[in-house]
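The values are calculated or read from the model by the stated rules, or taken from the named source; none is laboratory data. None of these values were measured; they are calculated from a predicted model. Using ideal geometry, Cβ is built from the backbone for each residue, glycine included, and neighbour counts are taken over all protein chains shown. What goes into the accessible areas is simple: the full protein's heavy atoms, side chains included, and nothing from ligands, DNA or RNA. Shrake-Rupley method; radii C 1.70, N 1.55, O 1.52, S 1.80 Å.
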Amino acid sequence: MSELNIGVLGIQGAYEKHALSIALAGANAEIIKYREQLDQIDGLILPGGESTTMSKMMGFRIDYKDILAFAEKKPVFGTCAGLILLGKGIDDPRIHQFELMDVSVARNAYGSQKDSFIDNLTLVFDKENPFHAVFIRAPQIENIGDDICVLATCNNTPVLIESNLYLGASFHPELTPDLRIHKYFIQKIMEVKNGKTPKSA
Amino acid sequence: MKKGTFEVKVGLAEMLKGGVIMDVTNVEQAKIAEDAGASSVMALERIPADIRAHGGISRMSNPEMILKIKEAVSIPVMAKCRIGHFAEAQILQEIGVDFIDESEVLTPADEENHIWKQDFNVPFVCGCRNLGEALRRIGEGAAMIRTKGEPGTGDIVEAVRHMRGVTAEIRRLSTLDKSELMATAKILGAPFAIVEWVAQNGKLPVPNFAAGGIATPADASLMMQLGAEAVFVGSGIFKSDDPKPRAEAMVKAITHYQDFAVLAEVSRGLKDAMVGISASTLEENEKMAKRGW
């Protein structure tokens, strides 16, 4: 796997933690702050942080359309704020959504920080052991399109989803040492690189 | 499902990394901060520079004002309580503040004891001047540490002293033999288990931010290059002649803190930074960093 280069958008948020998880999962991690860097990576992670901050900085050294062009051919994984950017339907002109996944999310739907929580999830691709998931002022997935494959739920709400080249989580797999979700994304990148058709429901 | 665990508290601190947390005193400023790309706002009635000028007792802000700011923005909202004033903290938790700053900027309520922060669901950030102070606060349950600096001065010298102090002590700890750690914990006045963790890992167990005197994009870059993972800007934005462009410049400076072309670009065209006061001209009893232990 070592020949894979995976970028983490390094505008604001938990990008160092994602880079560490990618490195521990066996791929090369690179923090992406400039559009030119996109040419050198096989997949991209949009990390947690503040979606307004990340949107504001799009257009400075890396542009919305650069990432959109990248995402036409290569896999993208969005966590928390990154999932908001991957989805659609946010009614706020300051948030630039890529609309790559047919999913609408509600920001901070679980309440303020005192309502942030941890819970154990079952991953459909590895049901044996629960995944310890950390939800921080999490967005809630409200509506999903027909092509969305649900990989994990929490209280009957989807929290880990996949469609086409994209993977989205409303929680933070980078905050726990369990690397299964990062490895799943790396596997997806490998398959796309080897010409396999990406998975959809 | 569990709420309010240390992991969940530190989780929000992790999300604030690489960002700018801005002091705001009303809804209008909060919106300017959010639109400029702030990752969080600190809601308070008077910014540190004005607290210095006005004197008197400085307390937790009116919950009504904090709630109005919470309604106006989607980013996390922080608020300050007095050192040791756990009842103020209980009120702030109740109204749904996302992070509480047990802050030396306000008049301390207890000169012996800080708040026992482990009892709260909401995370706390606390200031420090050195490693011992940082580790005592983490022992009490703080989920984020920041330098104290000297608030409301626009003088970066104390924040630099505190950040360099903490990182130098961490480096020294990581060179020690196990048999030397207990005596070091005694000297630092810090819990042994956390001293041992820091010695093994070479960093704090919680995110380490900078605050106190940051007024320019260059100040922000300096603190990041010295090891800060994000910055608080108190008086520096809304005491300057150009809050909006300065707030935007600060955000860009943090994302690109090692890109000197960006730093030069965002520093050009800004009007005057806050006038400030040299921290070395303050009387000992005027120094906010001396509050707490």
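Per-structure values
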quantity: Subset of segment A:106-122 [touching a helix residue (DSSP H, G or I) at 6+ places or on another chain (Cβ under 7 Å) and either open to solvent by 10 Å² or more (accessible area, probe 1.4 Å) or more than 13 Å from chain B (Cβ to nearest Cβ) (or both)]; calculated: A:Arg107, A:Lys114, A:Ile118
quantity: Residue ranges of helices (runs of 4 or more DSSP H) in segment B:1-60 with at least 1 members touching a helix residue (DSSP H, G or I) at 6+ places or on another chain (Cβ under 8 Å) and under 26 Å from B:Asn121 (Cα atoms); calculated: B:6-15, B:27-36
quantity: Residue in segment B:169-181 that is out of contact with any Phe, Trp or Tyr (no Cβ under 9 Å at 6 or more places or on another chain) and among the β-branched types (Val, Ile, Thr) present; calculated: yes
quantity: Residue within segment B:89-102 that is within 14 Å of chain A (Cβ to nearest Cβ), of a type in the set (Gly, Ala, Ser) and buried (at least 24 other Cβ atoms within 10 Å of the Cβ) present; calculated: yes
quantity: Condition met for B:Met65 (within 13 Å of another protein chain (Cβ to nearest Cβ) and either more than 17 Å from the chain's Cα centre (by Cα) or under 30 Å from B:Asn285 (Cα atoms) (or both)); calculated: no
quantity: Hits in segment B:237-254 - residues which are of a type in the set (Lys, Arg) and within 14 Å of another protein chain (Cβ to nearest Cβ); calculated: B:Lys244, B:Lys252
quantity: Criterion (under 21 Å from A:Met58 (Cα atoms) and more than 7 Å from chain A (Cβ to nearest Cβ)) met by exactly one of B:Ile21, B:Ile47, B:Ile51; calculated: B:Ile21
quantity: Qualifying residue in segment B:195-216 (condition: buried (at least 17 other Cβ atoms within 10 Å of the Cβ), more than 21 Å from the chain's Cα centre (by Cα) and in contact (Cβ under 8 Å) with a residue 40 or more places away in the chain); calculated: yes
quantity: Per-region count, segment A:173-197, residues over 30 Å from A:Gln113 (Cβ atoms) and open to solvent by 40 Å² or more (accessible area, probe 1.4 Å); calculated: 8
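Yes/no matrix, rows are residues, columns are (1) of a type in the set (Lys, Arg); (2) in contact with a Phe, Trp or Tyr (Cβ under 8 Å, 6 or more places away or on another chain); (3) open to solvent by less than 30 Å² (accessible area, probe 1.4 Å); (4) within 29 Å of A:Gly59 (Cα to Cα):
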| residue | (1), (2), (3), (4) |
| --- | --- |
| A:Gly89 | no, no, no, yes |
| A:His132 | no, no, no, no |
| A:Asp146 | no, no, no, no |
| A:Phe171 | no, yes, yes, yes |
